[in-house]
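Data first, discussion second: the structure below is written as structure tokens.
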Amino acid sequence: MPRTLAAVLFDMDGTLVETEEYWGEAMFELAARLGGRMSAEARARTVGTSMRTSMRVLHDDLGLVRTEEELLADARWVENRTGELLAGSIPWRPGAADLLRAVHAAGLGSALVTTTPRRIADIVLRRIRADLGLDPFAVTVCGDEVPARKPDPAPYLQAMAALGVEPGGCVVIEDSAVGIASGLASGAAVLGVPTLQAVEPAEGLVLRADLAGVGLPELREVLASARSSAVPAGRPSP
């Protein structure tokens with residue numbers, strides 16, 4: 001039986017807004033404070049991951065051994081610095097604002113599911129609400145509010161339960177490999193819009209360069225193709 005679109009679940013950083021650059025800037029600054037320089041390859045491996053994972057990648061890249069206390073302090077520093085950077089402008093990803101408006105106008109379930117901790121995510125959420133003039137999310141789930149982080153499906157399953165929807169009627173929109181893995185593991189169809197990482201095709205995944213031109217018909221197409229092997233759709237990446 002064809003599945004009906006019931007809800008859309010959005011990642012935040014790099015998917016809706018151009019905030020991954022701020023996280024990257026903060027990590028590069030931390031690397032300099034620690035006496036080294038983080039490689040671009042290491043930075044790419046941190047996209048979409050938890051702060052603990054990101055710090056381990058950074059420390060390994062610098063050849064440092066840090067205690068648990070030092071790791072937590074480094075993570076806190078990056079969070080605080082990113083929060084400072086977010087006080088400025090937060091650019092939208094192409095097509096993201098229009099899609100949020102369309103999902104909200106259609107009365108579909110909508111959730112934000114991010115690995116970012118609540119205190120930082122709320123800075124971005126306030127800007128999103130102000131820019132749109134509405135609250136596009138019925139549910140928001142942050143990285144410090146879940147039993148396990150992406151690529152585990154727990155964050156998306158938690159959001160679906162709060163929305164009262166089944167995975168088979170959901171489209172997850174993600175930009176990172178770990179986020180896409182989380183969405184697929186939850187049983188949802190996934191629209192991937194990678195920017196900083198290469199993502200391999202997978203069953204249940206449709207890939208696009210960005211969200212420009214994506215509306216409800218395109219999301220229904222993603223849902224309809226969820227049981228087929230992925231074929232990149234839309235405009236090719238530059």
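So if each residue of separation counts as 0.36 nm, and I subtract the Cα-Cα distance between D122 and A105, what length gain in nm does that give? Please list the in-between numbers first.
Numbers: separation 17, 0.36 × 17 = 6.12 nm, distance 2.28 nm.
Full extension of this stretch gives 3.8 nm more.
Among (i) 47, 39, 39; (ii) 66, 41, 31; (iii) 57, 37, 36, which one is Cα extents along the principal axes in Å computed from these coordinates?
So the calculated entry is the one marked (iii).
When the Cα centres of segment 197-211 and segment 65-117 are compared, how far apart do they sit, in Å?
21
Rolling a 1.4 Å sphere over the protein heavy atoms, what is the accessible area per residue of segment 98-238, to the nearest Å²?
Ligands and nucleic acids excluded, the figure is 42 Å² per residue.
Which of rounded, prolate or oblate describes segment 52-186 when judged by the alpha-carbon gyration tensor and an a/c cut-off of 1.5? Don't jump to the answer; show the numbers that get you there.
On the way: a/c = 2.31, a/b = 1.47, b/c = 1.58.
In terms of gyration-tensor shape, oblate.
Quick check on segment 111-193: take the gyration tensor over C-alpha atoms, sort the square-rooted eigenvalues as a ≥ b ≥ c, and tell me if it's rounded (a/c under 1.5), prolate or oblate.
Since a/c reaches 1.5 and a/b is larger than b/c, the shape of segment 111-193 is classed as prolate.
Starting at the first residue of segment 94-101, write each ³J(HN,Hα) from the Karplus equation 6.51 cos²θ - 1.76 cosθ + 1.60 with θ = phi - 60°, in whole Hz, x for Gly and Pro.
Going residue by residue, I get x, x, 5, 5, 5, 5, 4, 4 Hz, with x marking Gly and Pro.
When the chain is treated as a GNM, springs tying every alpha-carbon pair under 10 Å, which of L99, L64, L86 comes out with the largest mean-square fluctuation?
L64
Quick check: at a probe of 1.4 Å, how many percent of the accessible area of the chain sits on carbon and sulfur atoms? Let's see the in-between values first.
On the way: 5520 of 10510 Å².
Answer for the chain is 52 percent, counting heavy atoms of protein chains only.
Per residue, what accessible area does segment 1-81 have, given a 1.4 Å probe and all protein chains present, in Å²?
Heavy-atom SASA per residue in segment 1-81 reads 49 Å².
How tilted is helix 118-132 with respect to the longest principal axis of the chain? Cα atoms for both, answer in degrees (0 to 90, nearest 10).
Taking the Cα atoms of the chain, the angle to 118-132 is about 50 degrees.
Quick one: which of 3-15, 122-134, 21-33 comes out on top by average Cβ neighbours within 10 Å, and what's the full order, highest first?
Working: 3-15: 23.1, 122-134: 14.7, 21-33: 17.8.
Highest to lowest by the protection proxy: 3-15, 21-33, 122-134.
Once a ≥ b ≥ c are taken as the square roots of the eigenvalues of the Cα gyration tensor of segment 50-112, is the result rounded (a/c under 1.5), prolate (a/b larger than b/c) or oblate (a/b not larger than b/c)?
The shape class here is prolate.
Determine the gain in length on full extension of the stretch A73-F28; use 0.36 nm per residue of separation and subtract their C-alpha separation, reporting nm with one decimal.
Once the chain is fully extended between A73 and F28, it gains 14.6 nm.
Okay, helix-only estimate at 222 nm for the chain: each DSSP H run of n ≥ 4 adds -39500 (n - 2.57), divide by all residues, round to 500 deg cm²/dmol; what do you get? Intermediate results must be reported in sequence, preceding the final value.
Values: 9 runs with 104 residues, N = 238.
Taking each H run of at least 4 residues, the total per residue is -13500 deg cm²/dmol.
With axes computed from alpha carbons, what is the tilt in degrees of helix 68-85 against the longest principal axis of the chain, rounded to the nearest 10 within 0 to 90?
Its long axis makes an angle of about 60 degrees.
Return one number: the angle in degrees, 0 to 90 and rounded to the nearest 10, between the long axis of the Cα atoms of helix 20-33 and the longest principal axis of the Cα atoms of the chain.
For 20-33 against the chain, the angle is about 10 degrees.
Between R56 and A40, what is the label-to-label distance in nm when each label sits 7 Å out along the Cα-to-Cβ direction?
Going from the R56 label point to the A40 one covers 2.6 nm.
The values are calculated or read from the model by the stated rules, or taken from the named source; none is laboratory data. Quantities reported herein were computed from a predicted structural model and do not represent experimental measurements. Because the Cβ atoms are built from the backbone with ideal geometry, glycine has one as well, and the counts that use them run over all protein chains shown. To get the accessible areas, we keep the full protein, side chains included, count just its heavy atoms, and leave off ligands, DNA and RNA. Shrake-Rupley method; radii C 1.70, N 1.55, O 1.52, S 1.80 Å.
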